[in-house]
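Take a look at the structure set out below.
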């Protein structure tokens with residue numbers, strides 16, 4: 001096993017098992033339930049599983065060196081304007097789930113054979129370390145599990161392994177400003193979040209006038225653009241903290257709007 005990656009890989013496997021448990025009993029009709037989320041308009045649960053499976057497949061190919069970049073692989077999916085992988089939509093829900101099981105197993109096995117600092121050509125112009133890619137796959141899987149829970153009328157589940165998503169929300173802050181065409185200011189920000197275990201997860205300067213405090217779950221939901229921070233109980237103080245909370249984005253690509261706020265504050 002690659003040194004320094006054991007814990008995060010274990011977290012990824014645990015999340016895979018959890019999401020598999022969400023969908024393995026669904027009927028074909030339930031796999032076609034629509035996702036009530038602004039970020040994935042027109043998607044259903046089957047689209048979510050196909051999407052996860054395809055990018056696990058992409059991660060495997062990039063780590064193994066059988067593809068040069070993510071854009072090359074993405075063409076295989078024949079995505080529509082809503083980023084649905086049209087090439088694979090012929091699958092039944094059960095077939096999509098079995099495909100994901102196969103791809104995630106191969107991807108995870110490849111992670112075990114990869115060194116933490118190996119550079120993987122993930123997003124165009126933004127290669128990441130293998131360790132960061134594990135975190136990114138865990139973050140994306142959790143984000144899509146939120147969509148599935150929303151479709152099924154369930155409350156999203158969060159464990160302490162959400163730390164990977166929290167880390168990416170902080171690490172990707174410069175990119176969030178860049179894709180929103182905003183200069184990254186020098187204003188210090190402090191992030192203090194309470195994990196499900198009750199432990200604190202913090203980043204930044206504790207003395208900063210601008211800060212965000214509250215539930216790790218709520219900040220994670222905001223960071224994957226599934227909730228608007230104004231609809232949470234997060235304490236967000238300072239103009240720059242408010243802006244950060246408005247544009248935070250853990251995943252690569254163009255800037256995505258947060259869901260419309262149901263309340264303003």
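The values are calculated or read from the model by the stated rules, or taken from the named source; none is laboratory data. Note that the coordinates shown come from a computational prediction; the quantities given were computed from them, not determined experimentally. Glycine gets a Cβ as well: all are built from the backbone with ideal geometry, and neighbour counts include every protein chain shown.
A few remarks follow.
- Across the stretch 45-78, the qualifying residues are those that are outside any helix (DSSP H, G or I) and touching a helix residue (DSSP H, G or I) at 6+ places or on another chain (Cβ under 7 Å), and the one among them that is modelled with the highest pLDDT is 67.
- Among residues that are within 14 Å of residue 88 (Cα to Cα), assigned by TED's automatic domain parsing to the domain that holds residue 152 and either modelled with pLDDT of 95 or more or in a helix (DSSP H, G or I) (or both), residue 39 is not included.
- Scanning the stretch 197-241 for residues that are in contact (Cβ under 8 Å) with a residue 24 or more places away in the chain, part of a loop (DSSP other than H, G, I, E, B) and out of contact with any strand residue (DSSP E or B) (no Cβ under 9 Å at 6 or more places or on another chain) turns up 197, 199, 224, 225, 226, 227, 228.
- In the set (1) modelled with pLDDT under 95; (2) part of a helix (DSSP H, G or I); (3) out of contact with any strand residue (DSSP E or B) (no Cβ under 9 Å at 6 or more places or on another chain), the condition left unmet by residue 156 is number (2).
- Options 128, 91, 107: the member that is more than 20 Å from the chain's Cα centre (by Cα), within 25 Å of residue 18 (Cβ to Cβ) and either surrounded by 14 or more Cβ atoms within 10 Å (Cβ to Cβ) or without any contact (Cβ under 8 Å) to a residue 24 or more places away in the chain (or both): 91
- Count of the stretch 172-187 residues which are surrounded by 16 or more Cβ atoms within 10 Å (Cβ to Cβ) and part of a loop (DSSP other than H, G, I, E, B): 1
- Checklist (1) touching a helix residue (DSSP H, G or I) at 6+ places or on another chain (Cβ under 6 Å); (2) more than 13 Å from residue 52 (Cβ to Cβ); (3) assigned to a helix (DSSP H, G or I) applied to residue 122, failing item: (3)
- Selection from the stretch 172-194 of residues that are free of Cβ contacts under 8 Å to residues at least 12 places away in the same chain and either under 18 Å from the mean Cα position of the chain (by Cα) or within 21 Å of residue 126 (Cα to Cα) (or both): 174, 178, 181, 183, 184
- The stretch 77-88, residues that are surrounded by 13 or more Cβ atoms within 10 Å (Cβ to Cβ), without any contact (Cβ under 8 Å) to a residue 12 or more places away in the chain and out of contact with any strand residue (DSSP E or B) (no Cβ under 8 Å at 6 or more places or on another chain): 87
- Taking the stretch 39-60 as the range and being more than 19 Å from residue 165 (Cβ to Cβ) and either surrounded by fewer than 19 Cβ atoms within 10 Å (Cβ to Cβ) or in contact with a strand residue (DSSP E or B) (Cβ under 8 Å, 6 or more places away or on another chain) (or both) as the test, the residues that pass are 41, 42, 43, 44, 47, 50, 54.
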